[in-house]
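Q: I'd like to ask some things about the structure below.
The values are calculated or read from the model by the stated rules, or taken from the named source; none is laboratory data. Treat the numbers as computed from the prediction; the structure is a model and nothing was measured. Glycine also receives a Cβ, built like all others from the backbone with ideal geometry; neighbour counts cover every protein chain displayed. Surface areas here come from the heavy atoms of the whole protein model, side chains and all, with no ligands, DNA or RNA. Shrake-Rupley method; radii C 1.70, N 1.55, O 1.52, S 1.80 Å.
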Amino acid sequence: MNKVKSNAIWICFGLWMIVVLGMPTHQAHAASVITLLEEKTLYAEQAANSTIVGKLSANQTVEVILENSMEGTSWYKIKTWLGDSWIYGNESVMHGSFSDVDMSVTTLKTVTFFDTPTPYPYGLDSLGNGQLAAQPIQVTGLNEFCYLLSDGTQTCEPGWYRIKTWLGEKWLYKPKLKELIKEETVDLTLTLTDEELLYEQPYQEHITTKLQPQKVKVVSLWDTGEMAYRFHPVIWYKIETDQGSRWIYPSHLTLANVSSIDKSIELPTGAKGYEHPDFEGESS
């Protein structure tokens with residue numbers, strides 16, 4: 001009886017391995033919605049030689065059932081009025097939904113503009129179609145994509161902005177906008193250990209005014225949610241100066257809420273001295 005059970009277990013295991021090994025190696029994962037930037041052909045299967053079931057016009061958002069990535073290409077199974085169909089995903093497919101809008105905003109820094117959106121905008125500034133200096137702009141369309149956070153909640157953020165320019169409609173990817181500044185009131189004193197640039201507003205360009213090392217009173221901060229070099233959070237601090245409220249984005253070590261005390265301590269084994277509480281600037 002035990003031998004029969006053992007054989008049955010091995011047979012099941014063998015069948016399971018056949019199923020697993022027979023599965024395709026590409027990664028398949030559920031998406032949410034995508035926006036078509038040009039007319040797309042609908043296929044019955046995820047293959048260009050499969051039956052064509054119709055076409056979808058450009059500039060519309062569709063719901064995705066499945067996304068399959070294979071050897072650098074992507075196929076999307078989407079819902080249509082013709083039933084579930086497949087489309088080939090190239091640079092004419094943009095993740096997220098798109099809507100027409102009419103709003104005025106102000107850019108904070110020079111930004112690269114594109115003739116058309118691209119699904120892979122990172123590091124493509126050099127491949128853009130021009131540069132737009134900081135200025136008020138008119139937004140006519142907005143691409144927004146949503147994703148799940150680790151706690152299970154959904155968050156959405158703007159991606160591509162379609163704007164009016166003297167060259168016609170252009171596209172910006174996640175521009176730094178004055179309207180996106182979210183100030184958080186704080187009671188904080190920062191000790192600046194080196195010179196820092198003084199900005200009238202975050203991301204202002206061509207700044208030459210510097211603030212000497214000193215203690216400054218922070219009245220609010222803006223945590224952009226972005227990360228800089230070595231995963232340091234990008235946080236802007238608004239401080240009071242004799243010129244009024246100004247912003248700093250410290251590029252050197254800062255110390256928060258340092259207070260003076262008068263107290264004696266004993267160093268039974270001796271100690272090394274540092275100019276600041278880090279491992280640079282050892283003095284003795």
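Q: Hey, can you tell me all the residues within the stretch 126-172 that are part of a strand (DSSP E or B), in contact (Cβ under 8 Å) with a residue 60 or more places away in the chain and under 14 Å from PHE113 (Cα atoms)?
A: If the condition is that a residue be part of a strand (DSSP E or B), in contact (Cβ under 8 Å) with a residue 60 or more places away in the chain and under 14 Å from PHE113 (Cα atoms), then GLY159, TRP160, LEU172 are the ones that fit.
Q: Give me the residue from the stretch 147-161 that is within 15 Å of MET103 (Cβ to Cβ) and surrounded by 19 or more Cβ atoms within 10 Å (Cβ to Cβ) and, out of that set, nearest to the chain's Cα centre (by Cα).
A: TRP160
Q: Let me ask you something else. Of the numbered conditions (1) modelled with pLDDT under 90; (2) open to solvent by 60 Å² or more (accessible area, probe 1.4 Å); (3) within 21 Å of GLY141 (Cβ to Cβ), ALA48 fails exactly one; give the number of that condition.
A: (3)
Q: Mind checking which residues of the stretch 106-123 are under 30 Å from GLU200 (Cα atoms), touching a residue at least 24 places away in the same chain (Cβ under 8 Å) and not hydroxyl-bearing (Ser, Thr, Tyr)?
A: LEU108, LYS109, VAL111, PHE113, PHE114, PRO121 - these are the residues of the stretch 106-123 that are under 30 Å from GLU200 (Cα atoms), touching a residue at least 24 places away in the same chain (Cβ under 8 Å) and not hydroxyl-bearing (Ser, Thr, Tyr).
Q: Also, I was wondering about something else. Looking only at the stretch 19-45, filter to residues that are open to solvent by 50 Å² or more (accessible area, probe 1.4 Å) and modelled with pLDDT of 90 or more; which one of those is nearest to the chain's Cα centre (by Cα)?
A: Going through the qualifying residues, I end up with GLU39.
Q: Could you tell me whether the stretch 136-145 includes any residue that is at pLDDT 80 or above, open to solvent by 80 Å² or more (accessible area, probe 1.4 Å), out of contact with any helix residue (DSSP H, G or I) (no Cβ under 7 Å at 6 or more places or on another chain) and not hydroxyl-bearing (Ser, Thr, Tyr)?
A: Yes - at least one qualifying residue is present in the stretch 136-145.
Q: In addition: All but one of (1) part of a strand (DSSP E or B); (2) in contact (Cβ under 8 Å) with a residue 40 or more places away in the chain hold for PRO250; state the number of the condition that does not hold.
A: The failed condition is (1).
So that you can scan it fast, the table gives a plain yes or no per residue for (1) on the phi < 0 side of the Ramachandran plot; (2) surrounded by 11 or more Cβ atoms within 10 Å (Cβ to Cβ); (3) outside any loop (DSSP other than H, G, I, E, B); (4) in contact (Cβ under 8 Å) with a residue 40 or more places away in the chain:
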site: TYR203; (1), (2), (3), (4): no, yes, no, yes
site: SER220; (1), (2), (3), (4): yes, yes, yes, no
site: ARG230; (1), (2), (3), (4): no, no, yes, no
site: VAL234; (1), (2), (3), (4): yes, yes, yes, no
site: SER245; (1), (2), (3), (4): yes, yes, yes, no
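Table: residues versus (1) in contact (Cβ under 8 Å) with a residue 40 or more places away in the chain; (2) not in a strand (DSSP E or B).
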{"position": "GLU45", "(1), (2)": "yes, yes"}
{"position": "VAL64", "(1), (2)": "no, no"}
{"position": "GLU67", "(1), (2)": "no, no"}
{"position": "TYR88", "(1), (2)": "yes, no"}
{"position": "SER104", "(1), (2)": "no, no"}
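Q: When you scan the stretch 65-90, how many residues do you find that are under 15 Å from LEU42 (Cβ atoms), charged (D, E, K, R) and modelled with pLDDT under 90?
A: Summing the residues that are under 15 Å from LEU42 (Cβ atoms), charged (D, E, K, R) and modelled with pLDDT under 90 in the stretch 65-90 gives 0.
Q: Can you name every residue in the stretch 61-94 that is under 23 Å from the mean Cα position of the chain (by Cα), open to solvent by 40 Å² or more (accessible area, probe 1.4 Å) and under 26 Å from TRP171 (Cα atoms)?
A: Listed by number, the residues that qualify are THR61, GLU63, GLY72, THR73, ASN90, GLU91.
Q: In the stretch 94-110, what count of residues is obtained for those that are touching a helix residue (DSSP H, G or I) at 6+ places or on another chain (Cβ under 6 Å) and on the phi > 0 side of the Ramachandran plot?
A: Adding up the residues that qualify gives 0.
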